[in-house]
Amino acid sequence: METDHTVVERRLLDRALRPDTVALDAGCGRRTRLRDYRDRIVRLVGVDADDDAGRANPHVDEFVHADLDEALPFGDASFDLVYANFVVEHLARPQQAFAEWHRVLEPDGTLVLLTSNRASPFLRGGDLLPHRLRLLIKRRGAGVEERDVYPTHYLANTPSRLAEATAAAGFEPVAVELVGTAHRYGARIPGAAAVLRTVERMLPAARRSTIVAAYRPLPVRNV
Ligand SMILES: C[S@@+](CC[C@H](N)C(=O)[O-])C[C@H]1O[C@@H](n2cnc3c(N)ncnc32)[C@H](O)[C@@H]1O
């Protein structure tokens, strides 16, 4: 079982990136791991509905304040890469977002996304907890700041729902990997990470907590 989503992400990005990639970080927030790929990304645009977070992001060349659930202010085929790191779970209209990502991608571009798998018992269990307790676990366990916790909808957040939603928007999967990342929530609690990793190892792949995937856009006539 792969337990590091960034390792899988690197494999998919290495395949997707060309020397002169123009990239869109959809839901860029305050930081982006695409900063580590600037040797191949000549222009990096970030989009986010949280204006403060996006403006504070030091890694993007341009920040655009926009709602991913609506039409995006970019022309067709503007980007070689659309990247969304833990954003899909927050979308109220993922179908609309995927359709826009398809529209703004070059025909030979790639969508790379990482998102939570709602089919994971850790995710389902977490949802049953009161909001304050979930915040506490995110803060104490994984070191997430409260201002970086956003409402979730999980509308395209099982392997099958994500497959349906991306296919309906005209994407074909290049790679879809299930990664065991529940240990992140125990990172700051002695012994907890090892227990979470062991439990997650016993689960079927489809129930691991994080989906890391790459897709290519199909021509519109095939959609
Ligand atoms: C968990 S954070 C991830 C931020 C960043 N991608 C990262 O890796 O640190 C989710 C981000 O998605 C953004 N987001 C959620 N729904 C959005 C929407 N409908 N339109 C634009 N941004 C959205 C939030 O504002 C937030 O910055």
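Quick notes on this structure:
- Top-ranked residue of the range 8-37 - restricted to ones that are away from the ligand (no atom under 16 Å from the Cβ) and surrounded by fewer than 19 Cβ atoms within 10 Å (Cβ to Cβ), ranked as nearest to the chain's Cα centre (by Cα): R11
- Selection status of D108, among the charged types (D, E, K, R), closer than 25 Å to I189 by Cα and either touching a residue at least 60 places away in the same chain (Cβ under 8 Å) or within 12 Å of the ligand (Cβ to nearest atom) (or both): no
- For the criterion of being more than 13 Å from the ligand (Cβ to nearest atom), closer than 24 Å to A97 by Cα and of a type in the set (A, V, I, L, M, F, W, C), A156 fails.
- Cross-chain or 6+ apart pairs with Cβ under 7 Å, the range 149-166 first and aromatic (F, W, Y), then in a helix (DSSP H, G or I): Y150/H90; Y154/E89
- Test: residue in the range 63-76 that is more than 15 Å from the ligand (Cβ to nearest atom) and among the acidic types (D, E): yes
- Matching residues, the range 1-52, being part of a strand (DSSP E or B), free of Cβ contacts under 8 Å to residues at least 40 places away in the same chain and of a type in the set (A, V, I, L, M, F, W, C): V42, L44, V45, V47
- As a summary of the residue check, Y83 satisfies the conditions (1) surrounded by fewer than 24 Cβ atoms within 10 Å (Cβ to Cβ); (2) in contact with a helix residue (DSSP H, G or I) (Cβ under 9 Å, 6 or more places away or on another chain); (3) under 22 Å from R40 (Cβ atoms); (4) not aliphatic (A, V, I, L, M) except for the one numbered (1).
- Subset of the range 53-70 [free of Cβ contacts under 8 Å to residues at least 60 places away in the same chain, out of contact with any Asp or Glu (no Cβ under 6 Å at 6 or more places or on another chain) and either loosely packed, with under 12 Cβ neighbours inside 10 Å or not in a loop (DSSP other than H, G, I, E, B) (or both)]: R55, A56, P58, E62, F63, V64
- Contact annotation: residue pairs with Cβ atoms under 6 Å, 6 or more positions apart or on different chains, pairing a residue in the range 175-194 that is closer than 11 Å to S209 by Cα with a partner that is of a type in the set (D, E) and assigned to a helix (DSSP H, G or I), are G180/E200; A182/E200.
Values in this text are rule-based calculations from the coordinates and carry no lab data. For clarity, every value in this text was computed on a predicted model and none was experimentally measured. As a convention, Cβ positions derive from the backbone with ideal geometry for all residues, glycine included, and neighbour counts pool all protein chains shown.
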